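The values are calculated or read from the model by the stated rules, or taken from the named source; none is laboratory data. As the structure is a computational prediction, the values presented were derived from the model and not from experiment. Cβ: placed from backbone, ideal geometry, glycine included. Neighbour counts: every protein chain shown. Quick note on the areas: whole protein, heavy atoms, side chains included, nothing else; ligands and nucleic acids left out. Shrake-Rupley method; radii C 1.70, N 1.55, O 1.52, S 1.80 Å.
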Amino acid sequence: MTDMKPSILVTRAIFPDVIERLAQYFDVDDNQEDLVLDSGALRERLAGKVGVLANAADRIDGELVGALPQLRAVCNMAVGYNNLDLPALTAAGIVATNTPDVLTETTADFGWALLMATARRVTEGEHYLRAGKWERWSYDMLVGMDVQGSTLGILGMGRIGQGLARRAAGFDMQVLYHNRSQLPDDVERSLNARYVSKAELLQQSDHLILVLPYSVESHHAIGAAEIAQMKPTATLINLARGGIVDDAALAAALRARKIFAAGLDVFEGEPSVHPDLLTVPNVVLTPHIASASEKTRRAMANLAADNLIAALDVGPQAGKPPTVVNPEVMARRR
Ligand code: GLV
């Protein structure tokens, strides 16, 4: 009799060599055809599986967890894990992991790109040019807001927020931030960042960038009331998760020029985008690609695979998945 390998599911297409790595240890049900698995399909494909390499768009909720008694590890290929019902996973003794650190700089770079594009109207300018509207120079054509020398506000000062603060130093910016907890003095000093209340952040930022995790508490952290406190010349960048911004309220505010412009990489209910955002000119829209460099996506896939292999007690790091988000489960297993 041959030894049976444990079965796992990889919910979406990933690098073939990562599938091969997983296949050394597991019987892999892959999805290299990259069909989107809705909750019913996910449930069917997960039946009998002990682990899953998931994507931030796969909802793993309490009901699904309850239907999958064999499941032992859920490894997200994303730093955010609001797609997972963490209390349900923890209660069921299922290890959950994410992919922090490997995407920090790539994501901060993209935040910077979105900030620059938004403040300086890069995509609006391109649309204008492609539409054949560029006929002559004029002093006020597509004038934007300066980034250099302005005040950057960062809501959520984790790894990516700190990466943005480091970039701001090269642009001689004043950096303000608000976070659940204030950073230690030495970290604040090294980033040249000042802790302020959320109200001050809204009122004083020339450019406000959101990099906080999505949760019940951060749902619509930026809505009409918050936008009303911002400068009419301000820009707002959402690099974090859809749902942190009330997209309908933002679209209305952009149309009414309550703020200057916005740059959004994430959306409520994505891949659907609020129809009003598609028709206002002063918004830069990108399809959730902040971590999308070849090198970083490889690193994320490999880290998710490392987590899955180790969480299922095989491979060189057996029993020690590197980036666990519910460490109490690992502690209980020991
Ligand atoms: C992407 O959105 C991530 O959380 O990594």
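Within the accessible area of the chain, what % is carbon and sulfur when the probe is 1.4 Å and the other protein chains stay in place? Of all accessible area on the chain, carbon and sulfur atoms account for 53 percent. Rg and Dmax of region 104-285, based on Cα coordinates, read 16.0, 53 Å.
Keeping every protein chain present and rolling a 1.4 Å probe, give me the accessible area per residue for the chain in Å². Before the final figure, lay out the partial values.
Values: 16090 Å² over 334 residues.
Per residue, the chain has an accessible area of 48 Å².
Placing unit charges on the Cβ atoms only, positive for Lys and Arg and negative for Asp and Glu, gives region 1-52 a dipole magnitude near 200 debye about its Cα centre. Structure remark: mean-square fluctuation, Gaussian network model of the chain, C-alpha springs under 10 Å; the largest value among GLY170, GLY263, GLY62 belongs to GLY170. Taken over the chain, the percentage of Cα pairs per 10 Å bin, counting from 0 up to the bin with the maximum distance, is 5, 24, 29, 22, 14, 4, 1, 0. Computed from label points 7 Å out along Cα-Cβ, the spacing between ARG194 and ALA318 is 5.6 nm.
For a distance above 24 Å, tell me the whole-number percent of Cα pairs in region 1-149 that qualify. Mind dumping the intermediate values first?
Details: 5610 of 11026 pairs.
Tail of the P(r) past 24 Å holds 51 percent of the pairs.
Relative to the longest principal axis of the Cα atoms of the chain, helix 104-119 runs at roughly 30 degrees. Short-range pairs are left out: with C-alpha atoms under 8 Å and at least six residues apart, the relative contact order of the chain is 18 percent. Of all the Cα-Cα pairs you can form in region 192-334, what percent are over 18 Å apart? Counting pairs separated by more than 18 Å, the tail of P(r) holds 64 percent.
Within the chain, which is the longest segment containing none of the chymotrypsin sites (Phe, Trp or Tyr not before Pro) that sit in a DSSP loop and have at most 14 other Cβ atoms within 10 Å?
140-334
For the chain, set up a GNM with springs between Cα atoms under 10 Å and report which of THR106, THR118, THR90 has the largest fluctuation. Fluctuation is largest for THR90. Any idea what angle helix 159-169 forms with the longest principal axis of the chain, computed on alpha-carbon atoms, 0 to 90 degrees, nearest 10? The angle comes out at about 30 degrees.
Between 0 and 90 degrees, the angle of helix 294-311 with respect to the longest Cα principal axis of the chain falls at about 30 degrees.
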